[in-house]
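Data block below; observations after.
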Amino acid sequence: MLPLLYQTCQGGANMVIDSHEHIMFPTKVQLDKMDAAGVDKTILFCSAPHPEKADNLNELETEMNTLYKILAGTNSQEDNMKRLEKNISEITTTVNEYPNRFWGFGSVPLGLGLEETQNWIDSQITAHSLCGIGEFTPGNEQQILQLDVVFQAIRNTRLYPVWVHTFNPVTLNGINLLMQLCVRYPEVPVIFGHLGGSNWIDVIKFAKEHDSIYLDLSAAFASIATKMALVELPEKCLYSSDAPYGEPYLYKQLIEFVSPSQSIEKMALGENILRLLDSMNLI
């Protein structure tokens with residue numbers, strides 16, 4: 001049975017949930033995009049760069065350089081933790097200001113010990129009533145291996161879904177390492193961000209064999225990848241736009257266009273993520 005929240009949106013209409021957007025400023029920009037797309041609620045993720053501020057390529061490159069430094073691992077652990085604390089504060093402030101429009105996922109730093117990671121989850125995720133952990137964007141395979149500590153900490157503290165970027169720069173070998181972690185920690189739901197990029201067939205096959213795997217449909221490699229995910233695993237697909245990198249309106253349209261049926265469309269556009277979070281008592 002679907003949660004009551006899903007059934008009571010806008011006078012009984014089905015709730016549309018964008019399960020992955022990065023926080024944008026000012027918040028009105030984000031709300032305007034949601035309203036234009038017919039999105040009722042969005043799950044916000046932390047963001048270091050803010051490409052929504054860029055008006056041309058030079059400005060975009062300036063914003064993105066912040067992300068590239070993070071992926072390269074050139075920032076100190078202390079700087080990373082301060083940045084993530086600030087980002088989580090931005091998420092919680094926005095969620096608290098617009099509780100009917102937003103939920104939030106929170107970031108967890110890599111490279112900490114198990115106890116430190118558990119303390120971070122308690123103080124930064126659970127204490128702020130966030131409903132998931134991520135996004136992790138591994139810049140190399142070593143960073144994927146560091147997720148093992150995060151998975152252990154989640155198992156030891158409180159179960160949360162984990163969102164991991166699986167498009168470039170993550171390689172197929174990196175995706176295979178992530179799959180090994182999923183097998184080792186089957187109780188942890190893992191959302192494969194962007195459907196594995198060009199490795200989408202491998203990701204769909206893996207998700208068919210493991211109950212805890214979910215498929216984020218934003219920035220998919222091709223529309224046929226989105227279609228095949230919906231055909232093969234309608235109960236595992238999650239509508240998302242990756243805004244501001246993608247447009248909520250266009251990604252919603254894509255799902256509506258390629259879905260095999262209206263019932264599958266509804267599952268992807270809101271039912272699946274809502275059922276997942278509700279089953280874990282996170283909303």
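The values are calculated or read from the model by the stated rules, or taken from the named source; none is laboratory data. All values reported here derive from a predicted model rather than from experimental measurement. Glycine also receives a Cβ, built like all others from the backbone with ideal geometry; neighbour counts cover every protein chain displayed.
Scan segment 38-60 and give yes if some residue there is touching a residue at least 60 places away in the same chain (Cβ under 8 Å) and of a type in the set (S, T, N, Q), otherwise no. Yes, that holds for at least one residue. In a residue-by-residue description of segment 206-221, the property of being under 23 Å from LEU282 (Cα atoms), in a helix (DSSP H, G or I) and either β-branched (Val, Ile, Thr) or touching a residue at least 24 places away in the same chain (Cβ under 8 Å) (or both) applies to at least one position.
Working only within segment 112-143, note down all residues that are at pLDDT below 95 and touching a helix residue (DSSP H, G or I) at 6+ places or on another chain (Cβ under 6 Å). Once the filter is applied, which keeps residues that are at pLDDT below 95 and touching a helix residue (DSSP H, G or I) at 6+ places or on another chain (Cβ under 6 Å), segment 112-143 yields PRO138, GLY139, GLU141. For TYR251, are the conditions met, namely being hydroxyl-bearing (Ser, Thr, Tyr) and out of contact with any Pro (no Cβ under 9 Å at 6 or more places or on another chain)? In short, yes. On the basis of being within 26 Å of CYS46 (Cβ to Cβ), at pLDDT 95 or above, among the hydrophobic types (A, V, I, L, M, F, W, C) and crowded, with 18+ Cβ neighbours inside 10 Å, does LEU238 make the cut? Here the answer is yes, as LEU238 does meet what is asked.
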